[in-house]
Amino acid sequence: MKQSGCTVFNDRHFSCENCDGCVSGGFDSATSQIVLCQNNIRHQSHMNRVVTHELIHAFDHCRAHVDWFKNVKHLACSEIRAANLSGDCTLMNEIARFKFGLKGHHQTCVRDRAIRSILAVRKVSKETAEKAVDEVFDACFNDLEPFGRIPHSKTDAKRAYRDFQNRDRYNANL
């Protein structure tokens with residue numbers, strides 16, 4: 001986040017609150033604050049995914065200056081990236097939801113979760129959400145920053161972090 005021009009303070013930018021419904025968390029762009037819904041997060045692995053998902057939104061907010069409220073394509077792109085990079089669509093999570101397939105399932109999951117997220121935070125039709133996601137899907141799905149890869153497992157996440165730490169060293173040698 002610092003390299004993208006934003007400073008994060010753990011005591012200011014993270015808030016644990018009770019939330020309505022089955023919402024697990026959210027990103028408040030006005031305060032640049034990540035809200036964790038303490039009454040809806042039951043396991044550490046779930047919290048890790050929620051924090052990662054919301055940090056992707058915070059990163060996008062900082063890096064891309066997302067217009068969250070007026071441009072549904074901006075929101076769609078960030079939701080695609082968050083679903084793709086947070087672990088929301090891992091095979092194990094999808095099996096637990098009784099949703100899984102063999103070919104192209106990760107992309108299908110990312111698309112479906114992005115649409116669901118848009119519908120949860122915006123009063124738009126399902127068709128509008130689907131159109132926005134479809135229009136930006138390829139570019140946003142392939143934007144893997146800040147990880148450089150889709151972390152499908154803890155090992156992938158550790159590799160991505162190691163690559164990130166060594167990024168400047170590698171680029172300095174080019």
Can you name the residue in region 10-45 that is among the acidic types (Asp, Glu) and in a strand (DSSP E or B) and, of all such residues, is farthest from Ile56 (Cα to Cα)? Glu17
Being farther than 21 Å from Thr155 by Cα and in a loop (DSSP other than H, G, I, E, B) is the filter here; which residues of region 46-90 pass it? His65, Val66, Asp67, Trp68, Phe69, Lys70, Asn71
Considering region 150-165 alone, what residues qualify as being within 14 Å of the chain's Cα centre (by Cα) and open to solvent by 70 Å² or more (accessible area, probe 1.4 Å)? His152
Restricting to region 112-138, name every residue that is over 14 Å from the mean Cα position of the chain (by Cα) and hydroxyl-bearing (Ser, Thr, Tyr). Ser125, Thr128
In region 137-174, how many residues are of a type in the set (D, E, K, R), modelled with pLDDT of 75 or more and part of a loop (DSSP other than H, G, I, E, B)? 2
Exclusive hit being among the hydroxyl-bearing types (Ser, Thr, Tyr) and at pLDDT 85 or above, set Ser24, Ser4: Ser24
Gln38 meets each of (1) open to solvent by 50 Å² or more (accessible area, probe 1.4 Å); (2) over 17 Å from Asp112 (Cβ atoms); (3) modelled with pLDDT under 90 with one exception, condition (3)
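The values are calculated or read from the model by the stated rules, or taken from the named source; none is laboratory data. All values derive from a computational prediction rather than experimental measurement. Using ideal geometry, Cβ is built from the backbone for each residue, glycine included, and neighbour counts are taken over all protein chains shown. Surface accessibility is based on the protein's heavy atoms, side chains included, excluding ligands, DNA and RNA. Shrake-Rupley method; radii C 1.70, N 1.55, O 1.52, S 1.80 Å.
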